[in-house]
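Undergrad: Take a look at the following structure, please.
The values are calculated or read from the model by the stated rules, or taken from the named source; none is laboratory data. This structure is a prediction, so every number in the text was calculated from the model and none was measured. Cβ atoms come from the backbone with ideal geometry, glycine included; neighbour counts cover every protein chain shown.
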Amino acid sequence: MPTYKRGIFDRADFETDMVKLDIRDKIYNLQPEVTPFITILSKMNKLKTSNTQYSWFEDDLLGNYTQANGGQTTTDTAITVDDAGMFQEGDIVMNEAKDETMLVKSVDSLTQITVERSYGTTSAATIADNAYIYKLGSAMQEGYTSPQALQRAKSKKTNYIQIFSKTVQLTETANAVDTYGGKRRNYERQNRAIELKREMESQFLWGEKKEDTSGAHPRRASGGVYEFISSNAPTLDMSSSALTESSFESWLKDVFLYSGDDRYLFTGPLVASQISQFATGKQRTEPGKTIKYGISVTTYHSTMGDIHIVVDRHFIGPHAGKGLALEVKQLWYRYLQGLDWRLQLNLQNKKDHYILDEYSAHAGLEIHNDKLHGILKGVS
């Protein structure tokens with residue numbers, strides 16, 4: 001029997017599914033762009049490689065200071081230090097704490113020099129454990145014989161190309177259906193591209209290098225920033241406490257020790273907010289944000305140099321209290337020739353009635369001179 005409606009017809013009287021729904025023809029992603037590190041890296045330095053393993057060499061000038069290893073009296077002439085390899089016979093060195101200068105008579109081992117005490121006008125003084133011993137310069141006799149050349153051995157670093165992959169797979173039927181947000185295939189491809197860049201950024205920040213040949217085919221992981229700089233980069237550990245201005249400035253002094261070039265501090269909302277609190281009202285930061293290499297940054301001015309603060313969502317959860325201060329000119333995005341970031345369509349077999357698309361990248365990280373960078377951790 002038919003259903004009848006008597007009286008005024010209102011909104012509730014429409015038949016099921018008769019009303020056209022008002023749905024925006026767009027799907028709003030919570031994380032549309034979460035890879036500022038990869039963004040900067042890919043715009044700064046890119047270099048192809050023809051092998052899955054690539055290497056580079058690093059060098060530094062000869063050192064000009066070391067530290068005493070154990071205390072010495074005013075009459076001791078055999079001085080034990082952490083590194084005697086930087087000295088040569090005829091060098092003038094100084095006990096920094098007492099201003100006493102000494103003449104190096106011989107280099108006895110990698111950790112000991114023999115000196116003539118009080119070589120200048122300052123009297124011999126005790127040398128405390130860990131006192132800084134500075135090399136001022138060489139003082140050769142007239143008619144001298146040229147000393148042996150002294151140079152540092154170059155340091156070889158190695159990393160691997162890692163294969164990153166994300167796929168979209170759906171039936172040809174599903175691909176033909178109209179959906180809100182456009183074709184599902186296109187929308188899912190967009191998401192996979194973002195996810196792939198996010199995984200690359202995570203690996204390039206926190207990954208550890210490895211070549212695994214135990215399977216049918218080799219598998220490689222590219223080492224990240226933290227692995228390469230964690231041994232020697234200046235490190236500030238707040239030990240589960242709030243970041244203070246004095247600690248931050250003291251750390252920056254070490255970060256900028258070898259170069260005054262700008263640094264980029266990749267960190268999370270926790271650290272960034274604490275920096276903004278002690279920087280407010282002291283003209284430490286520029287008003288608002290500026291765009292550098294396509295991302296928004298806040299610039300912090302210190303007496304040592306400028307550091308651009310980049311809020312990166314990879315610094316949340318277990319990495320919330322961390323930050324990496326990087327001289328980005330020392331970083332390189334490496335990719336295997338012909339196999340950089342790419343999208344391949346319709347990889348399915350001809351007899352298969354589904355669609356298979358893949359985003360992939362054969363890529364790795366190269367980073368130079370760990371002492372030019374810095375690590376911040378333990379902020380709470």
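Undergrad: Go through (1) out of contact with any Lys or Arg (no Cβ under 7 Å at 6 or more places or on another chain); (2) surrounded by 18 or more Cβ atoms within 10 Å (Cβ to Cβ); (3) farther than 30 Å from Glu195 by Cβ and name the single condition Gly90 misses.
TA: (2)
Undergrad: Restricting attention to region 195-234, and to residues there that are more than 23 Å from Trp332 (Cβ to Cβ) and either of a type in the set (S, T, N, Q) or at pLDDT below 95 (or both), which single residue is surrounded by the most Cβ atoms within 10 Å (Cβ to Cβ)?
TA: By that ranking, first place goes to Glu195.
Undergrad: If I ask for residues that are touching a residue at least 40 places away in the same chain (Cβ under 8 Å) and within 30 Å of Glu227 (Cβ to Cβ), which ones from region 144-158 would you list?
TA: Those that are touching a residue at least 40 places away in the same chain (Cβ under 8 Å) and within 30 Å of Glu227 (Cβ to Cβ): Gln151, Arg152, Lys154, Ser155, Lys156, Lys157, Thr158.
Undergrad: What tally of residues in region 172-194 results from selecting those that are outside any loop (DSSP other than H, G, I, E, B) and either at pLDDT 95 or above or among the aromatic types (Phe, Trp, Tyr) (or both)?
TA: 1
Undergrad: Moving on. Looking only at region 291-303, decide whether some residue is buried (at least 16 other Cβ atoms within 10 Å of the Cβ), more than 27 Å from Lys43 (Cα to Cα) and either modelled with pLDDT of 75 or more or among the polar types (S, T, N, Q) (or both).
TA: no
Undergrad: Is there any pair linking a residue in region 233-246 that is without any contact (Cβ under 8 Å) to a residue 60 or more places away in the chain to one that is surrounded by 13 or more Cβ atoms within 10 Å (Cβ to Cβ) and assigned to a loop (DSSP other than H, G, I, E, B), with Cβ under 9 Å and at least six apart or on different chains, and which?
TA: Matching pairs, first to second residue: Glu245/Arg284.
Undergrad: Return the residues of region 292-337 that are outside any strand (DSSP E or B), small (Gly, Ala, Ser) and free of Cβ contacts under 8 Å to residues at least 24 places away in the same chain; say none if nothing qualifies.
TA: Gly317
Undergrad: Answer yes or no: is there a residue in region 309-318 that is closer than 19 Å to Leu196 by Cα and in contact with an Asp or Glu (Cβ under 9 Å, 6 or more places away or on another chain).
TA: Yes, because at least one residue in region 309-318 is closer than 19 Å to Leu196 by Cα and in contact with an Asp or Glu (Cβ under 9 Å, 6 or more places away or on another chain).
Undergrad: Does region 95-127 hold any residues that are in a strand (DSSP E or B) and touching a residue at least 40 places away in the same chain (Cβ under 8 Å), and which are they?
TA: If the condition is that a residue be in a strand (DSSP E or B) and touching a residue at least 40 places away in the same chain (Cβ under 8 Å), then Ile127 is the only one that fits.
Undergrad: Where the second residue is assigned to a strand (DSSP E or B) and the first is loosely packed, with under 14 Cβ neighbours inside 10 Å and lies in region 168-189, which pairs have Cβ atoms under 8 Å and are six or more apart or on separate chains?
TA: From region 168-189, the pairs are Thr171/Tyr354; Thr171/Ile355; Glu172/Tyr354; Glu172/Ile355.
Undergrad: Under 23 Å from Asn159 (Cα atoms), in a loop (DSSP other than H, G, I, E, B), in the same structural domain as His368 (by TED's automatic domain parsing) and touching a helix residue (DSSP H, G or I) at 6+ places or on another chain (Cβ under 7 Å) - does that describe any residue in region 234-254?
TA: Scanning region 234-254, I find at least one residue that is under 23 Å from Asn159 (Cα atoms), in a loop (DSSP other than H, G, I, E, B), in the same structural domain as His368 (by TED's automatic domain parsing) and touching a helix residue (DSSP H, G or I) at 6+ places or on another chain (Cβ under 7 Å), so the answer is yes.
Matching residues to (1) charged (D, E, K, R); (2) more than 21 Å from the chain's Cα centre (by Cα); (3) under 23 Å from Thr52 (Cβ atoms); (4) not assigned by TED's automatic domain parsing to the domain that holds Arg313:
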| position | (1), (2), (3), (4) |
| --- | --- |
| Glu188 | yes, yes, no, no |
| Leu196 | no, no, yes, no |
| Phe204 | no, no, yes, no |
| Glu211 | yes, yes, yes, no |
| Arg220 | yes, no, yes, no |
| Gly224 | no, no, yes, no |
| Ser231 | no, no, no, no |
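Undergrad: Quick one: which residue in Arg284, Arg342 is basic (Lys, Arg), at pLDDT below 95, touching a Phe, Trp or Tyr at 6+ places or on another chain (Cβ under 6 Å) and more than 24 Å from Ser230 (Cα to Cα)?
TA: Arg284
Undergrad: Now for a different question. Being free of Cβ contacts under 8 Å to residues at least 60 places away in the same chain, surrounded by 10 or more Cβ atoms within 10 Å (Cβ to Cβ) and either over 14 Å from Asn64 (Cβ atoms) or of a type in the set (Phe, Trp, Tyr) (or both) is the filter here; which residues of region 128-143 pass it?
TA: Ala139, Met140
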